[in-house]
Structure formats: structure tokens, C-alpha cells
Amino acid sequence: MTLTELRYIVTLSQERHFGRAAERCFVSQPTLSVAVKKLEEELGIALFERSKSTVQVTPMGERIIGQATRVLEQANVIKELASEGKDQLSSPLRIGAIYTIGPYLFPHLVPELAKTAPQMPLYIEEGLTGDLRRKLRSGELDVIIVALPFTEPDVLTKVIYEEPFEVILPKGHPWLAEKEINKEWLADERLLLLGEGHCFRDQILEACPALDARVNNPNNGLMAEGGSLETIRHMVASGLGITVLPRSATGLNYYEEGMIDSRPFTSPQPSRSVAIAWRASFPRPKAIDALTSAINPASLHLDKSGTETQQSTEQTASSPTV
């Protein structure tokens, strides 16, 4: 049994497809298939049920793959500990952020980190919360930037800023005469939202419960289409409806004056807490400190917070996906 074989079965359990798993592991499909079969023969049990169209994990396979995931995490810790005595700001830092944060934070964050830690290479990517969570656990990412709530065993989180939501309105909309918007008014408008699977969409629906009935009604006139905040903002500028965006994503300066404008909500304003999350075993605290210091909420016109928590191993790993 090797770490490579354990990585194969963990990846296959995630992809449920030999071809995609092999691609992620940078090997050919026959190589991965033979290695998985060899491990099953060594253990004397079937880890997967195979058919022409699907790959399913067996009940015993679930338990073994869970343990394999923990073994891979600890193996990665060994590599990290081996470099602990070196300069903590000279090794690459792999950062992930959810789609509704990354495009607006990274352009400010990356130059600041280049100033404070010029010898530390950066690898950045964007993704859904669930994907970033998995990569954080497996060691593919060192730290992720997400919206709370985010609970995961043996993971530290630190709130870096609070971000209010604002209503984005097209030219000529009657609400432009208002200084503040009551969130209950949204139920009567043609509201543009992200599609299902994005936690920002869920946060808007949670802030305005009256929208739930419209979302579940296929003839409600509510457009829940748009794969990104940028697309939705452009749709508002085209007069297709209104939307709600986090303050950092309002992007009013991208348009001709008066094409779109924003209005805050009445108090209490809907908002989100943005936090960084990293494994408690990550042996480079100076890199985390450098990252935290480089995030300047003032550049996003936001307020900064600094609450740090550690998730108990008894907590569940469930949270809304982004």
C-alpha cells in the first residue's frame, strides 16, 4: 500500500469516474484502474462498485477512504514540518477564494503581499466553497477565503472584514429617489440572482424570506440566472432587473455615469462575514499573518474585524456552498 494508491482511491471517490480521476492524478486511466484493483486485492475487499456508467463507493470503502484522506493529510503535514525551520515566507502559499470574493479581493491582495513577502510565490484560484473545503483538507490549498458560516474539524478561521449588501438599480428606476431600501420591497421586483449552489444567493434569500415563495414558483418572473456577479451586474445595466451585490462588487465605476447606481438597505443591513480558513496543523503561521496583514478592507471600502476561532473536531462539516 502506497500514498499514491491512497491518493488514487480518494480522488476516485470524489470524481466517481475513472477518466476524470486519472486526469486529476496526472496518470492514464489504465494506470489508475490497475492501481485501484491492486489495492483492493491487497485489502481483500471491494472499495468500489463499477458499472458502465457509474462508480459507487462501497460501505466499507467509505470507511477506508475516510482513513486514507486522514493519512494523506498527515503525510502532507510531514512535508510542511520538514520545511518549518526554513523561511516561512519563502515557500509558495496556495490561496483559494470563493467566486464572489476572489475577483474583488485578489487585485488588491496580490500586490500587497508582493510588498510584504516578496520571496513568497503565490498560487491563487477561485471555486465553490465545497471544492475549496476539499482542497484545503487534502493540502492542495494552504488557506481559503470564504463567507461564514464555515465549519470544518481541525480548521482555524479568522474574520477579516464585514461586508454589507447593496441594491443595484438601473437608470430610471423609481427606487433611485430613495436613500435606503427596505429589503421586503425586493419581493415585488424583478430580481436577478446567482444560480443555485452559490451561498451568496442563499444569503440574499435568508435576508428576505418573502423571496422564497417566488423562487420556488417557476412562473414567478424572478430571474435566478447568471453564473457570476459580473454577468448579473451587466444585466442590470441592460435594464433587465435589479440585483443585490456585496459592496466590493458594485462596480459602479465600470459604467457610464447614471447607467446603474446603488442604494444601501435600511438597518439592520444584510451583510456577510468574510474569513480566512486554514488547517490547524499548517506549520507556517508567519505566512498566515502576512496574508492577514495584506488584506486591506479599506481598499474595498469595508470595515475590518479580527475574530479568530478554531473549529472543534466534534463539529459537523456542513455549511452552505458558495
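Rule-based calculations on the coordinates, nothing more; no lab input. All of these numbers come straight from a predicted model, not from anything done at the bench. Using ideal geometry, Cβ is built from the backbone for each residue, glycine included, and neighbour counts are taken over all protein chains shown.
Restricting things to alpha carbons, tell me how big the stretch 163-264 is in terms of Rg and Dmax, in Å.
12.6, 36
Go through VAL36, SER271, ALA177 and say which Cα lies farthest out towards the positive end of the charge dipole of the chain; charges sit on Cβ, +1 for Lys and Arg, -1 for Asp and Glu.
My answer, from the dipole projection, is VAL36.
Which whole-number percentage describes the relative contact order of the chain, with Cα contacts under 8 Å and a sequence gap of 6 or more? Let's see the in-between values first.
On the way: 537 pairs, mean separation 81.8, N = 322.
Reported as a whole number, the value is 25 percent.
Report D for the stretch 96-135 in µm² per second (integer): Stokes-Einstein, Kirkwood Rh on Cα pairs, 25 °C, 0.890 mPa s.
Details: Rh = 10.9 Å.
Estimated diffusion coefficient is 225 µm²/s.
Scan the stretch 127-181 for trypsin sites (Lys or Arg not before Pro) in coil per DSSP, keeping those whose Cβ has at most 13 other Cβ atoms within 10 Å, and list them by number. The partial results should precede the final answer.
On the way: sites: ARG133, ARG134, LYS135, ARG137, LYS158, LYS171, LYS179; in loops: LYS171, LYS179.
Passing sites in the stretch 127-181 are LYS179.
Here are some pairs, LYS79/LYS158; LYS79/LYS115; LYS115/LYS179; which of them have Cα atoms lying more than 30 Å apart in this structure? Write down the numbers at each step before the final one.
Numbers: LYS79/LYS158 25 Å; LYS79/LYS115 27 Å; LYS115/LYS179 39 Å.
Listed pairs above 30 Å: LYS115/LYS179.
Say the dipole of the chain comes from +1 at the beta carbon of Lys and Arg and -1 at that of Asp and Glu; which of ALA249, THR157, LEU191 then lies farthest toward its positive end?
THR157
Using the Karplus curve 6.51 cos²θ - 1.76 cosθ + 1.60 with θ = phi - 60°, work out ³J(HN,Hα) for each residue of the stretch 248-258 in order, rounded to whole Hz, and write x for Gly and Pro.
Per-residue couplings from phi come out as 5, 9, 5, x, 5, 6, 7, 10, 4, 4, x Hz.
With the radius of gyration and the Kirkwood radius both derived from the Cα set of the stretch 92-211, what is their ratio Rg to Rh? Let's see the in-between values first.
Numbers: Rg = 17.8 Å, Rh = 16.9 Å.
Here the Rg-to-Rh quotient is 1.05.
Rg over Rh of the stretch 3-82, using C-alpha atoms and the Kirkwood radius, what does it come to? Please report the intermediate quantities before stating the final value.
On the way: Rg = 12.6 Å, Rh = 12.9 Å.
Ratio of gyration radius to Kirkwood radius for the stretch 3-82: 0.98.
Once you put a point 7 Å from the Cα of ARG63 and another 7 Å from the Cα of ALA298, both along the Cβ direction, what distance in nm separates them?
Modelled inter-label distance: 5.7 nm.
Taking just the alpha carbons, could you work out the radius of gyration and Dmax for the chain, both in angstroms?
22.6, 72
Label LEU3 and ARG24 with points 7 Å out from Cα along Cα→Cβ: what is the distance between them in nm?
Each label point lies 7 Å from its Cα, and together they span 1.9 nm.
Give me the orientation-averaged projected area of the Cα convex hull of the stretch 244-298, in nm², one decimal.
One quarter of the hull surface, i.e. the mean projection, equals 6.0 nm².
Using unit Cβ charges (K, R positive; D, E negative) and no other charged atoms, how large, in debye to the nearest 20, is the dipole of the chain about its Cα centre?
Values: 33 positive and 41 negative charges, 144 e Å.
With Lys and Arg at +1 and Asp and Glu at -1, about 700 debye.
In Å and on Cα atoms, what radius of gyration and Dmax does the stretch 9-158 show?
Using the Cα atoms of the stretch 9-158, the pair Rg, Dmax is 18.2, 54 Å.
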